[in-house]
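The values are calculated or read from the model by the stated rules, or taken from the named source; none is laboratory data. Bear in mind the structure is a predicted one, so any value in this text is a computation, not a measurement. Virtual Cβ from ideal backbone geometry, glycine too; neighbours counted across all protein chains shown.
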């Protein structure tokens, strides 16, 4: 993703202060919603761990298919909530079309690869290679999102978007598992 004139350190400082700033001082009247950044970062860490776990499995391990299926489902849900809710609001908050456009192109590439993996059998030629490439692409996307996009979101209501994303994620997980 294109790096903007602001330093990453400066944006990271803004982001940290916006994360730690109390969004709702009266916690008794309304429970605090997790920040959208906390929710997305939680998804990022989870899928990174699953890719690492996949990489450690032996070639003939029968858990590969189950783990690949779990990874693909999580990525499809994550991409959909980002595209439906997060990216439009991030675009509005940052006015940075380049960052969001690049993220959308990366999502399209990831979804195409997921489709190829889901159409394959675990023991087919190139299955593991496609899973490794998917992992590399996703980790690259995560890094860019967290290092370049997240620090620019100081103007976004992170808790309100977090609540919206948490609700939509729950709906999608139910639909896609069915």
Problem set entry | Residues of region 164-178 classified as modelled with pLDDT of 90 or more and not in a helix (DSSP H, G or I), total | 0
For this session: Hey, can you tell me all the residues within region 36-72 that are in contact with a helix residue (DSSP H, G or I) (Cβ under 7 Å, 6 or more places away or on another chain) and not in a helix (DSSP H, G or I)?
Result: 57
Exercise. Restricting attention to region 102-119, does a residue exist that is on the phi < 0 side of the Ramachandran plot, in a helix (DSSP H, G or I), surrounded by 12 or more Cβ atoms within 10 Å (Cβ to Cβ) and touching a residue at least 60 places away in the same chain (Cβ under 8 Å)?
Worked result: yes
Exercise. Do we have any residue at all in region 145-163 that's on the phi < 0 side of the Ramachandran plot, out of contact with any helix residue (DSSP H, G or I) (no Cβ under 7 Å at 6 or more places or on another chain), part of a helix (DSSP H, G or I) and loosely packed, with under 14 Cβ neighbours inside 10 Å?
Worked result: no
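Take residue 136 and tell me if it is at pLDDT 95 or above and under 21 Å from residue 110 (Cα atoms).
Judged against the criteria, residue 136 is a match.
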For this session: Identify, from the list 145, 171, 167, the residue that is within 21 Å of residue 38 (Cα to Cα), out of contact with any strand residue (DSSP E or B) (no Cβ under 6 Å at 6 or more places or on another chain) and touching a residue at least 40 places away in the same chain (Cβ under 8 Å).
Result: 145
For this session: State all residues of region 80-101 that are in contact (Cβ under 8 Å) with a residue 12 or more places away in the chain and not in a helix (DSSP H, G or I); if no residue qualifies, say none.
Result: 96
Exercise. List the pairs whose first member sits in region 27-46 and is surrounded by fewer than 21 Cβ atoms within 10 Å (Cβ to Cβ), whose second member is modelled with pLDDT of 95 or more, and whose Cβ atoms are under 8 Å apart, counting only residues at least 6 apart or on separate chains?
Worked result: 41/146; 43/74; 43/78; 44/142; 44/145; 44/146; 46/74
For this session: Tell me which of these residue 134 doesn't satisfy, since it passes every other one: (1) buried (at least 17 other Cβ atoms within 10 Å of the Cβ); (2) free of Cβ contacts under 8 Å to residues at least 60 places away in the same chain; (3) closer than 17 Å to residue 51 by Cα.
Result: (2)
Exercise. If residue 81 satisfies every condition in (1) over 24 Å from residue 33 (Cβ atoms); (2) buried (at least 16 other Cβ atoms within 10 Å of the Cβ); (3) under 14 Å from the mean Cα position of the chain (by Cα) but one, which is the exception?
Worked result: (1)
